[in-house]
Amino acid sequence: FAGFTQWTEDMDAYGATDHLGTIGPISPDTLVISNKVRWRALRLGVAGEVLIGSRARLSVDLALNPYAEVRNEDSHHLRGDLGPVPNIILEGDGWGVQLDAELRYEIRRRIELGIGVRYWHMEIDDGTRQVPNVPGFPRLPLTELYSTRVGVTLSLRRTW
């Protein structure tokens, strides 16, 4: 198969404690930093399913991402010297791999219970880091940025 994938992550951090005393404590209700990262990639891969007996099946989806791109936006909300948010932007190109495998068992006619594993990895090896709202701030090279997701999946399916 061939296709396209995209995943986006948004995170916010509230409050801060400064043990050196330079900024003082910041209330836990105050938004301090936000981060938004978006990965987009081309997918080339294989998908297949193997029957195991009369009631079980193993399905596998393995994709190589020969081209991936990322945009990472850091927003430092209390840093007026960096200008409006997002105030630090990382962009780059790279590659990745995505694997999803699941073992499903038919517990009743047309109802399957499944357990699986997911491994997704994207990384860039060529990119830039910039602070676009600060005049004269140089575009700096970004040599490494990656994201790895590993987890267990559980599913309950009904086919019609």
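The values are calculated or read from the model by the stated rules, or taken from the named source; none is laboratory data. Treat the numbers as computed from the prediction; the structure is a model and nothing was measured. Glycine also receives a Cβ, built like all others from the backbone with ideal geometry; neighbour counts cover every protein chain displayed. For the accessible areas, the whole protein counts, side chains as well, though only heavy atoms, and no ligand, DNA or RNA atoms are used. Shrake-Rupley method; radii C 1.70, N 1.55, O 1.52, S 1.80 Å.
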Problem - Calculated log₁₀ intensity ratio I(q)/I(0) where the Debye formula runs over C-alpha points of the stretch 53-160, q = 0.15, 0.18, 0.19 Å⁻¹ - result: -0.75, -0.89, -0.93
Fill in the blank from the handout: Out of S27, S59, S75, a Gaussian network model of the chain with alpha-carbon springs under 10 Å gives the largest mean-square fluctuation to S27
Completion exercise
Summing +1 per Lys or Arg and -1 per Asp or Glu among the other residues with Cβ less than 9 Å from E73's Cβ gives +2
Fill in the blank from the handout: GNM of the chain, Cα pairs under 10 angstrom: of H19, H121, H77, the biggest fluctuation goes to H19
Exercise for the section: Considering the options L58, L42, N87, tell which one lies farthest towards the positive end of the dipole of the stretch 37-96, charges being +1 on Lys and Arg and -1 on Asp and Glu at the Cβ, about the Cα centre. Expected result: L58
Exercise for the section: Express in nm, to one decimal, how much length is gained between R71 and D100 on full extension, taking 0.36 nm for each residue of separation and deducting their alpha carbon distance. Expected result: 8.0 nm
Practice task
Mind telling me which of R110, R129, R57 comes out most flexible in a GNM of the chain, alpha-carbon contacts under 10 Å?
Solution key: R110
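Once you list every other residue whose beta carbon is under 11 Å from the beta carbon of V152, what net charge do they have if Lys and Arg are +1 and Asp and Glu are -1?
0
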Problem - Point-charge dipole on Cβ atoms (K/R +1, D/E -1) for the stretch 12-160, about Cα centre, debye to 20 - result: 1020 debye
Handout entry: FRET efficiency, K36 to L58 (Cβ-Cβ, R0 30 Å, nearest 0.05)
Key = 0.25
Exercise for the section: Report the paramagnetic label zone for L156: residues of the stretch 107-140 whose backbone N is under 11 Å from a point 7 Å from Cα along the Cα-to-Cβ axis. Expected result: 112-114
Problem - Percent RCO, i.e. relative contact order, over the stretch 1-139, from Cα pairs under 8 Å lying at least 6 residues apart - result: 20 percent
Fill in the blank from the handout: Regression test value, accessible area per residue of the chain, probe 1.4 Å, units Å², expected 64 Å²
Problem - Accessible surface of the chain [probe 1.4 Å, protein heavy atoms]: carbon and sulfur percent - result: 58 percent
Problem - Within the stretch 31-79: Cβ-based charge dipole about Cα centre, in debye rounded to nearest 20 (Lys, Arg +1; Asp, Glu -1) - result: 100 debye
Exercise for the section: Would you work out which of I26, P132, Y14 lies farthest towards the positive end of the dipole of the stretch 11-142, given +1 charges on the beta-carbon of Lys and Arg and -1 on that of Asp and Glu, about the Cα centre? Expected result: Y14
Completion exercise
Cα extents of the stretch 103-160 per principal axis, largest first, Å, are 67, 20, 14
Exercise for the section: Kindly sort Y67, Y146 by accessible area of their heavy atoms, largest first, with the probe set to 1.4 Å. Expected result: Y146, Y67
